[in-house]
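Participant: Structure in structure tokens, see below.
Values in this text are rule-based calculations from the coordinates and carry no lab data. This is a predicted model, so every value here is computed, not measured. Don't worry about glycine lacking a Cβ; one is built from the backbone with ideal geometry, like all the others, and counts go over all protein chains shown.
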Amino acid sequence: MLKVGLLVGRERSFPDALIAEVARRDAGVVAEYAKLGAPQMAERPPYDLIVDRISHEVPMYASYLKNAVLQGVVVINDPFWRMADDKFFANSVAAALGVAVPRTIALPNKSYIPGVVSESLRNLMYPLDWDWIVSYTGLPAIMKPASGGGWKDVYKIDSLGELLWRYDQTATMQFILQEYIHWEGYVRCLCIGRQDVLVTNWDPRRSHFDRYRADDTPVEPALEARCRADALKLNRALGYDMNTVEFAVRNGTPIAIDFTNAAPDFDISSLKDKYFAWVVEKMADLVINRAKQGPVYPTHRWDHFLPRNATA
Ligand SMILES: Nc1ncnc2c1ncn2[C@@H]1O[C@H](COP(=O)(O)OP(=O)(O)O)[C@@H](O)[C@H]1O
Ligand SMILES: [Mg+2]
């Protein structure tokens, strides 16, 4: 029997449903909530695959998962990919892939940890040319954390004065500033296994629990196809097996807004029955297939040096 461990935060609906669905398939795989105390180095966790929904908020889990990968456990999402991403880098990847994104700037940090003094920052030009920054992004602009989620600290900036005021509050957090997209439509894609994509209308103006609407008119076919293709490109390049990808649609062109969600919201209260059922079905397919397939080598630098991968 292959074993799948789920590492979760507060959510219950998605992990409970995934565990039940994997059991229902009767495919030689069992899924359960993972259990760990203080992990020992170089030890293999007792799972063939771990679904990670929370290591971005629990640092020790991230250490545990990296060792799990080293020991040959399949981890979804791959913790090394997740750590490589920030919104500035991801927007650059998107641009390189030909996926439309808002013009984006990485803002230097406002403050640093104790010990970082002005001599530590000799590479940074100062003062910043704020007029140039704003002429590049335009106004209004969106200021948001380079690594963030859940709409936390996302600000719409209407003037240079407001930008400077906001920037002064950022302390040690790293932010990006980007062009504000005035959209006529907004699309969100649920993406699983770098192959399955559900393209939906999604309205960020509605309240949190009312944004997905399975009863809404479907996304127009040409737009749907473009969003699906762009979402797949992003997930394949950035290595996400589960992700949500958002596009703001301006003059018919989908512009990628948010596409680095290592633990996307899969709760039934947001997805509602139809999309929730789709997610559970595709995630069950994914964990069963990937647990059976085992780790795919080599994925990481050290893989080349491990005895298990030595080739004649
Ligand atoms: N460049 C942008 N133009 C227009 N709206 C944006 C832009 N960036 C973010 N938003 C709006 O703000 C919301 C939250 O931003 P997002 O990048 O998704 O942050 P988080 O990762 O915290 O969810 C988005 O769903 C979108 O509605
Ligand atoms: Mg978002």
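Participant: Is any helix in the chain, taking whole DSSP H runs, at least 24 angstrom long along its axis by alpha carbon and on average at least -1.0 on the Kyte-Doolittle scale, and which ones?
Facilitator: Helices meeting the criterion: 221-238, 268-293.
Participant: Separation between the Glu43 and Gln293 pseudo-spin-labels, each 7 Å from Cα along Cα→Cβ, expressed in nm?
Facilitator: 3.0 nm
Participant: Applying 1/(1 + (r/R0)^6) with R0 = 25 Å to the Cβ-Cβ distance of Leu128 and Ala100, what FRET efficiency is obtained, to the nearest 0.05?
Facilitator: Once rounded, the FRET efficiency stands at 0.40.
Participant: How do the peptides 141-153, 117-129 rank, highest first, by the average count of neighbouring beta carbon atoms within 10 Å per residue?
Facilitator: Per-residue mean Cβ counts within 10 Å order the peptides as 141-153, 117-129.
Participant: Indicate, rounded to the nearest 5 percent, the antiparallel portion of the DSSP beta bridges found entirely in the chain.
Facilitator: Here the share of antiparallel DSSP bridges comes out near 70 percent.
Participant: Counting residues in segment 17-137 as N, plug N into 2.2 N^0.38 Å and put the Cα Rg over that result.
Facilitator: Normalised Cα radius of gyration, segment 17-137: 1.56.
Participant: Here's a follow-up. Could you compute the FRET efficiency for Asp273 and Gln195, with r as their C-beta to C-beta distance and R0 at 35 Å, rounded to 0.05?
Facilitator: So the FRET efficiency works out to roughly 0.90.
Participant: What does the highest-first list of 43-56, 235-248, 60-73 look like by mean Cβ count within 10 Å?
Facilitator: In decreasing order of mean packing, 43-56, 235-248, 60-73 become 235-248, 43-56, 60-73.
Participant: Report the semi-axes of the equivalent ellipsoid for segment 224-312 in whole Å, largest first, where each axis is √(5λ) for an eigenvalue λ of the Cα gyration tensor.
Facilitator: Numbers: eigenvalues 196, 74, 22 Å².
In descending order the semi-axes read 31, 19, 11 Å.
Participant: Another question, then. Calculate I(q)/I(0) for segment 182-261 by the Debye formula, one identical point scatterer on each C-alpha and no solvent, and give its log10 at q = 0.15, 0.17, 0.18, 0.22 Å⁻¹ to two decimals.
Facilitator: Here the Debye-derived log intensity ratios amount to -0.47, -0.60, -0.68, -1.00.
Participant: Can I ask one more? What translational diffusion coefficient, in µm²/s and rounded to a whole number, does the Stokes-Einstein relation yield for segment 103-179 at 20 °C and a viscosity of 1.002 mPa s, taking the hydrodynamic radius as the Kirkwood radius over Cα pairs? Walk me through the numbers before you get to the answer.
Facilitator: Numbers: Rh = 13.1 Å.
D = 164 µm²/s.
Participant: Would you mind ranking Trp202, Trp130 so that the residue whose beta carbon has the fewest other beta carbons within 10 Å leads the list?
Facilitator: On the way: Trp202 21, Trp130 13.
The order, fewest Cβ neighbours first, is Trp130, Trp202.
Participant: Give a residue-ordered list of calculated ³J(HN,Hα) values for segment 178-187 (Karplus: 6.51 cos²θ - 1.76 cosθ + 1.60, θ = phi - 60°; whole Hz; x for Gly, Pro).
Facilitator: Karplus-based 3J(HN,Hα) across segment 178-187 equals 9, 3, 7, 8, 7, 10, 9, x, 9, 10 Hz.
Participant: Based on the inverse mean of 1/r over its pairs of different Cα atoms, what is the Kirkwood hydrodynamic radius of the chain, in Å?
Facilitator: Computed over Cα pairs of the chain, the Kirkwood hydrodynamic radius comes out at 21.2 Å.
Participant: Hey, with R₀ at 25 Å, roughly what FRET efficiency would Arg236 and Leu70 work out to, going by the Cβ-Cβ distance, to 0.05?
Facilitator: 0.60
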